[in-house]
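Below is one structure, written out as structure tokens, with a few remarks after it.
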């Protein structure tokens, strides 16, 4: 069972996302809707992967990503950036756009596409 | 008596012998005129050329071509091959900038007066010619013509300036429009995609519960799925449209952009004989950019650098165009629209530096250089929009432009800072161990 930390301020989305992921039987996920709690939650939950939104009030995805990189333990946890800022036009068929150490996935996203991206990211393929 | 100082007062060139073309078919009138000049008190007697028909006069004017340079045409309106207004019109056409003074008899006095109102410089009554009158009339006619030419030139310049301003204004409006359209579209797309994501996840959930919801339920879900897909397509279309108008972002090489811009400027570089020195770091992280737009920006910045030096007239003239990557030391934050690509502390950035030796810009002017319509160039050379449009484009890339005076040699340093696409740590040499390519000097081509 892989642990997925979902950091996104959209309560409705995170709830449905969590139910879907958990029901696959492959994941145990936790939600953080208030981004200032994200680092503490991450240290406690010890996720295998982090799904990170970009546009959030207060600390945004960029800030949290920077903070994660500074943390000796969490810097090793793969991050999938889930954002409505990129379009599928940019990401292409698999809804993923990556460069350097960043991997972005475009909202809205089909569950099967997301789970494949999660697996690929954890396997280091993405 | 005409004091000869009038001549020196009214001409900018050294005093020269007046060349007069007299178009007069009547021998008596011509002799009268010649006598008048004999009596004149000028230091050097004017040279009188004669034509006895319109055709001859036109031929002389057209053939003149700078050899004689007639200072004035004294024109009898009634010639064997032409009469009245037609005569004047044809002469004007043949020599638009040469002053014309009408030789008028009593019969055509009214016409002469009306011609003076519509383009002739003066008229001379044949019945009362005197040396004084003729010379004075000629000098005044020449003076009027000079004023008129100057006024026309001034008017042309004014018109050109006004057109430039209009173009500039359009450029500015266009840039602003693109900026706000892009922001609006990105904002709306983002706000709509989030709820769509929730619905999509909900649909994915129910699609797995076939046994629970039955056939009708599945039909409804498949229709809802189609609706979500369609809504997403519309949103993406809107985003793409605004992006088309806005920026076509692609992973690009800043060095390629600079080389492209400099290639387009080769002519200008050759013409101004300014050395352009390229110091481009290789390898360098790529950027996400609209390369066409950034080429525009680079051309603009390099052109400014070149012009600053020609204005300064410095002899040792070179512009250095440098690229390198670094980590951002200070915070840049746009609370209006947060983007992933926005710059943060420690972010890897790609920097373009354009360094001129044009003496720099005084500190009070420096802060105004980005203001639309502000320019330090002479009137007619700059619209004052280049830098403000350039900054708009760079801002759309979530980067920034920075101006700074530098010493040794004194000049202006313009920096364009753009976010590197991906973190180059590990696969590129660190910013500290900068590995510049050998400086390349773009030598002006032989003219």
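No lab work stands behind these numbers, since they all come straight from the coordinates. Since the structure is predicted, the reported quantities are computational estimates derived from the model, not experimental observations. Ideal geometry is used to build each Cβ from the backbone, glycine not excepted, and the neighbour counts take in all protein chains shown.
So how far apart, in nm, are the two label points at residue B:188 and residue B:62 if each is 7 Å from Cα heading toward Cβ?
Going by the 7 Å Cα→Cβ label model, 6.4 nm.
Using the number of other C-beta atoms within 10 angstrom as an exposure proxy, rank B:238, B:170, B:201 with the fewest first.
Fewest to most other Cβ atoms nearby, the residues stand as B:170, B:238, B:201.
Among DSSP beta bridges lying fully in chain A, give the percent that are antiparallel, nearest 5.
Values: 4 of 20 bridges.
Close to 20 percent.
What FRET efficiency would be calculated for the residue pair residue B:282, residue B:220, taking the C-beta separation as r and a Förster radius of 60 Å, to the nearest 0.05?
In this case the efficiency is close to 0.55.
Could you work out, residue by residue across A:17-26, how many beta carbons of other chains sit within 10 Å of that residue's beta carbon, and then give the average as an integer?
2
So, in nm, how far is label residue B:365 from label residue B:234 when the simple model puts each one 7 Å beyond its Cα toward the Cβ?
Between residue B:365 and residue B:234, the simple spin-label model gives 5.3 nm.
Taking the mean number of other Cβ atoms within 10 Å as a proxy for protection, how do you rank B:302-308, B:218-224 from highest to lowest?
Going from most to least packed, we get B:302-308, B:218-224.
Would you compute the Debye intensity of the range B:46-145 from its alpha-carbon atoms alone, equal scatterers and no solvent, and pass along log10 I(q)/I(0) at q = 0.19 Å⁻¹ to two decimals?
Each listed q corresponds, in turn, to -0.91.
What FRET efficiency, computed as 1/(1 + (r/R0)^6) with R0 = 35 Å and r the Cβ-Cβ distance, is obtained for residue B:150 and residue B:38, rounded to the nearest 0.05?
The formula returns an efficiency of 0.60 here.
Quick one: work out Rg over Rh on the C-alpha atoms of the range A:2-121, Rh as Kirkwood radius.
Taking Rg over the Kirkwood Rh, I get 0.92.
Once each part is reduced to its C-alpha centroid, what is the distance from the range B:201-243 to the range A:1-44 in angstrom?
So the two Cα centres are separated by 23 Å.
Rank-order A:31-42, B:289-300 by packing density, defined as the average count of other C-beta atoms within 10 Å over each peptide's residues, highest first. Present the calculation step by step, with values, prior to reporting the outcome.
Working: A:31-42: 17.3, B:289-300: 21.1.
So the order, starting with the most tightly packed, is B:289-300, A:31-42.
What nm distance separates the two modelled labels at residue A:69 and residue B:211, each placed 7 Å from Cα along Cα→Cβ?
So the label points at residue A:69 and residue B:211 sit 4.9 nm apart.
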